[in-house]
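**Student:** Handing you this structure, nothing more for now.
Throughout, read-outs are computed from the coordinates displayed, never taken from laboratory work. Just so we're clear, the structure is a prediction, and the values are computed from it rather than from any experiment. Methodologically, a virtual Cβ is constructed for each residue, glycine included, from the backbone with ideal geometry; neighbour enumeration extends over all protein chains shown.
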Amino acid sequence: MDTESTYSGYSYYSGRSRGSHRHGEHSRDRHKSRSKESSRSEKSVTINASPAEPLLGEQSVRGEEVQDDNWGETTTAVTGTSEHSLSQEDIVRISKDLDDSVGLDCKRYLNVALSVILGLVVLLTPLAFLILPHLLWPDRLRACGTACEGLFISVAFKLLILLLAVWALFFRPPRAGLPRIFVFRALLATLVLLFVLSYWLFYGIRILDSQDEDYQGIVQYAVSLVDALLFIHYLAIVLLELRQLQPFFSLCVTRSTDGATQHYNLGQLSIQRAAVVILENYYKDFPVHNPAMLTASKSRTAKHLAGLKVYNVDGPGGNNAAAGIAQSQSRAMIAAAARRRDSSHNELYYEEAEHQRRVRKRRARLVVAVEEAFTHICRMQEEEQKKASGDVMDPREAAQAIFPSMARALQKYLRTTRQQHLHSMESIQQHLAFCITNNMTPKAFLESYLTTGPTLQYGKDRWLARQWTLISEASVTSGLKDGTIFLLKCIDFSLVVTTKKIPYIQLAEEFIDPKSHKFVLRLQSETSV
């Protein structure tokens, strides 16, 4: 199902032909129907990307300018071709995504607003304890001595430390939007709220009602509140930051399409927080997902299925004898196709060998073309240095000048390695200008195209993911356990996560006597010693 959805999504936004467009719609319909059937028996929640680093969605890829696939053959300057096509289904989907994003933004801002209100209440409560007696019964208060004034300094510095600590721990840009509440953070917020309310209740009954005259005792009461808040902040550091540092579980993450696998050691986290950590590491550890590499097996399967052609010459109204002959002929054809399938490994071997030969050939041509282009740029720089200072060439202009000489070789290599959809002409020229600006070698320029890099190396429009869906049988707020399995589903593929507990290690010590390292050399006349 993931492979079919990958192929259909890829054929949707390529925009090469109407036939591929209809085939993509049919594949998407099958994908939707199957996903609806499978979602009935599974619990699924959605993890959205952080607004600080938005992942462009499916509609952004469809609405962007489609890069001309023949840019290497016709390019002499910075040009491009764009095709825009939107159907009614696309408009409905875009509006739905916009509504979802607006709802998520409101939810995020609501959480921030509640956190700010709670923080202000916590920080202003000690100050209110100190100010209210001066406002309500100033004439009855006793004079504050030297010890009381020292407590004022203590309260001021402790509140400043608490303010900085709260800002550093809680008021950080969100990395992701979780589908469920963060249990420990909600527990700490509830604890702080109950703590402040209990202090206010005691303050109202014992101080406000009786109008206590001992102002030094009131100041000490405010100091005790600030001390307790500092201890709660220490508890928050232990629960939110320190508890997860020691690894307890080893998570195996496998991509469903190509089988790319990585392992991560995590501490005691909930399933949804572990999913966020995995997605953060996915964009830097996993190679970019390339659906074009999966089409080879499909084409080979289609080629074998194309040989299974059975014809009924007499039509549906033929006699029984003709039907029996047709059935025998079809059996013979199926048997022949099966024999050809048995020898398909030879075909696969020669296809891979031919592909590797073509890749080596295209790579050699590309390396030579890039080295010649960079040599030409060096000569141009030497010539420009001899001219006036106002005629110095800009790196962007230099990149545009040498790009046509290497464009054809680079285009053929990217086509052979099926990477043409990962690199646009504009991104290549920007990378070329970057290399020229920083005086990088041709090998440094080619490294981005000769080897497949992680997802973050490419533009955000190549990620093809705006949101991830977390599918788990267990509750996403529950902690990781040995044998926990959950899925992180994207548009084109999914990440299958398997949890294993790190085993307990028992070390034993064994003493080695230093006297046991003594040896005796036995001399014999027959040997050379």
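**Student:** Filter the trypsin sites (Lys or Arg not before Pro) in the stretch 444-519 to those in DSSP coil with at most 12 other Cβ atoms within 10 Å of their Cβ, and list the result.
**Tutor:** Working: sites: LYS460, ARG462, ARG466, LYS481, LYS489, LYS500, LYS501, LYS515, LYS518; in loops: ARG466, LYS481, LYS518.
Passing sites in the stretch 444-519 are LYS481, LYS518.
**Student:** Taking 7 Å along the Cα-to-C-beta vector as the label spot, tell me the ILE485-LEU123 distance in nanometres, rounded to one decimal.
**Tutor:** The answer from the label model is 4.9 nm.
**Student:** From the gyration tensor of the Cα coordinates in the stretch 106-244, what semi-axes in whole Å does the equivalent ellipsoid have, largest first, with each one equal to sqrt(5λ)?
**Tutor:** The equivalent ellipsoid of the stretch 106-244 has semi-axes of 33, 16, 12 Å.
**Student:** Taking 7 Å along the Cα-to-C-beta vector as the label spot, tell me the GLN430-LEU240 distance in nanometres, rounded to one decimal.
**Tutor:** The two pseudo-label positions are separated by 3.4 nm.
**Student:** Given a Förster distance of 35 Å, report the FRET efficiency between TYR109 and ARG206 from their Cβ-Cβ distance, rounded to the nearest 0.05.
**Tutor:** Numbers: r = 39 Å, r/R0 = 1.11.
Here the calculated transfer efficiency is 0.35.
**Student:** May I pose another question? Just list whichever of LYS284/LYS361; LYS361/LYS443; LYS460/LYS481; LYS460/LYS501; LYS284/LYS443 have alpha carbons separated by over 28 Å in the model shown. Present the calculation step by step, with values, prior to reporting the outcome.
**Tutor:** Details: LYS284/LYS361 30 Å; LYS361/LYS443 17 Å; LYS460/LYS481 34 Å; LYS460/LYS501 35 Å; LYS284/LYS443 22 Å.
Checking Cα-Cα distances, LYS284/LYS361; LYS460/LYS481; LYS460/LYS501 exceed 28 Å.
**Student:** Given 0.36 nm per residue, what is the gain on full extension from ASP258 to ALA228 after removing their alpha carbon distance, in nm?
**Tutor:** On the way: separation 30, 0.36 × 30 = 10.80 nm, distance 5.34 nm.
Gain in length upon complete extension: 5.5 nm.
**Student:** Charges on Cβ only, +1 for Lys and Arg, -1 for Asp and Glu, centred on the Cα centroid of the stretch 106-244; of LEU135, LEU242, GLY119, which one is farthest towards the dipole's positive end?
**Tutor:** Final value for the positive-end residue is LEU242.
**Student:** How high is the relative contact order of the stretch 106-244? Use alpha-carbon pairs under 8 Å, at least six apart in sequence, and give a whole percent. The partial results should precede the final answer.
**Tutor:** Numbers: 67 pairs, mean separation 66.5, N = 139.
Across the stretch 106-244, relative contact order equals 48 percent.
**Student:** Ordered by residue, what ³J(HN,Hα) values in Hz, to whole numbers, does the stretch 244-250 give under the Karplus form 6.51 cos²θ - 1.76 cosθ + 1.60, where θ = phi - 60° and Gly and Pro are x?
**Tutor:** Using θ = phi - 60°, the values come out as 8, 6, 6, x, 10, 10, 10 Hz.
**Student:** Quote the charge dipole size of the stretch 106-244 about the Cα centre in Debye, to the nearest 20; the model charges only the Cβ of Lys and Arg (+1) and of Asp and Glu (-1). Provide the component values of the computation, followed by the final result.
**Tutor:** Numbers: 11 positive and 8 negative charges, 196 e Å.
So the dipole magnitude of the stretch 106-244 works out to roughly 940 debye.
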